[in-house]
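Below is one structure, written out as structure tokens, with a few remarks after it.
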Amino acid sequence: MCGKCSLMNPKTAEWVSKRVGSDADRLGTSGFVVLCDFDGTITSFDTAEFILRQFAQGDWEKYDRMLDEGRISLEECMIRQFELVHVPEQVIIDELEKAASIRPNFSDLVHFCNRNGTPFFVVSAGLDFVINYYLDKMELRPLVRMHSGTSYFDGKKIRFTFPRLVNLEAKSFKDDLVVTYQRQGRKVVYIGDGLSDLVASRQADIRFAVSGMRLERTLREEGLACAPFEDFAEVQQKLNRLLNCQ
Ligand SMILES: [Mg+2]
């Protein structure tokens, strides 16, 4: 194990010495993949919750409780909640524009990953048109891959479809992607903030969690190592050390 990298476990160090994926060109050359949640992680607060508070007609919070109790999946929760929103995409974007901001140095982290042959995915259960709006604004669309639901206003309500799960044991499309890349021999870095990131984060090889938020607290309670952060510069610094260990 590299002494410089407290985030790297012994199996990672062993794997790094063997790593040469057959799809290295497509998936980058570093052997790592970064998966990053959007709401509350890239943005300063949960934009999906903000939209529901502003626009949902009905008891959307009951679906959060059902998700917490394990009675419905993350995907079903989002589908049910956004069926209660009856406004078009542009109204939602205009409202968010007044309120949401991006966590510092996100753009630098994406460029860093791109320079270092490390694919960067936004993995989100939120509204893809909102995510794409912010990525376009930061001119990051060509550098970021999306793994999210597809959402649109059908004239009456917001409709959602989610990626089909590849791995039978997956709980949601988030942990499904973690396992998919691990099975391709990649080491997965997961960055998140909330309970919807918990299963994917548990499964990941290296974990970052927004400082003081539910994901960080829960991982600590479970005795799982994670690096708390408030600014993406902290993530970049640690990733830089990790990549230099190879
Ligand atoms: Mg989140």
Problem set entry | Relative packing of 201-208, 217-224, 48-55, which averages over residues the other C-beta atoms within 10 Å, highest first | 201-208, 48-55, 217-224
Problem set entry | Cα centroid separation - the stretch 26-59 against the stretch 66-98, whole Å | 12 Å
For this session: List the residues whose amide H sits under 5 Å from the amide H of Glu83, counting only those 5 or more places along or on another chain, with H placed 1.01 Å from N in the peptide plane.
Result: none
For this session: Based on the mean of other Cβ atoms within 10 Å per residue, sort peptides 228-235, 169-176, 61-68 so the most packed one is first.
Result: 169-176, 228-235, 61-68
For this session: Calculate one ³J(HN,Hα) per residue across the stretch 232-239 by plugging θ = phi - 60° into the Karplus curve 6.51 cos²θ - 1.76 cosθ + 1.60, and present them in order as whole Hz with x for glycine and proline.
Result: 5, 4, 5, 5, 4, 4, 6, 5
Exercise. Let a ≥ b ≥ c be the square roots of the eigenvalues of the Cα gyration tensor of the chain; is it rounded (a/c under 1.5), or, if not, prolate (a/b larger than b/c) or oblate?
Worked result: prolate
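For the chain, what does the relative contact order come out to in percent, with C-alpha contacts under 8 Å and a separation of six or more?
Computed value for the chain: 25 percent relative contact order.
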For this session: In whole angstrom, note down how far apart the Cα centers of the stretch 123-157 and the stretch 164-240 are.
Result: 20 Å
Exercise. Can you list the HN-Hα couplings for the stretch 135-151, worked out from phi with the Karplus curve (6.51, -1.76, 1.60; θ = phi - 60°), rounded to whole Hz and with x for Gly and Pro?
Worked result: 5, 4, 4, 8, 6, 10, 3, x, 9, 10, 9, 9, 10, 8, x, 10, 10
Exercise. Which order, highest average first, do 74-86, 102-114 follow once you tally other Cβ atoms within 10 Å for each residue and take the mean per peptide?
Worked result: 74-86, 102-114
Exercise. For the stretch 177-246, what relative contact order do you get, as a whole percent, if you take Cα pairs closer than 8 Å and at least 6 residues apart?
Worked result: 24 percent
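Coordinate-derived values only; no laboratory data. The structure presented is a predicted model; accordingly, all values stated were derived computationally and were not measured. FYI the Cβ positions are ideal-geometry reconstructions off the backbone, even for glycines, and counts take in every protein chain you see.
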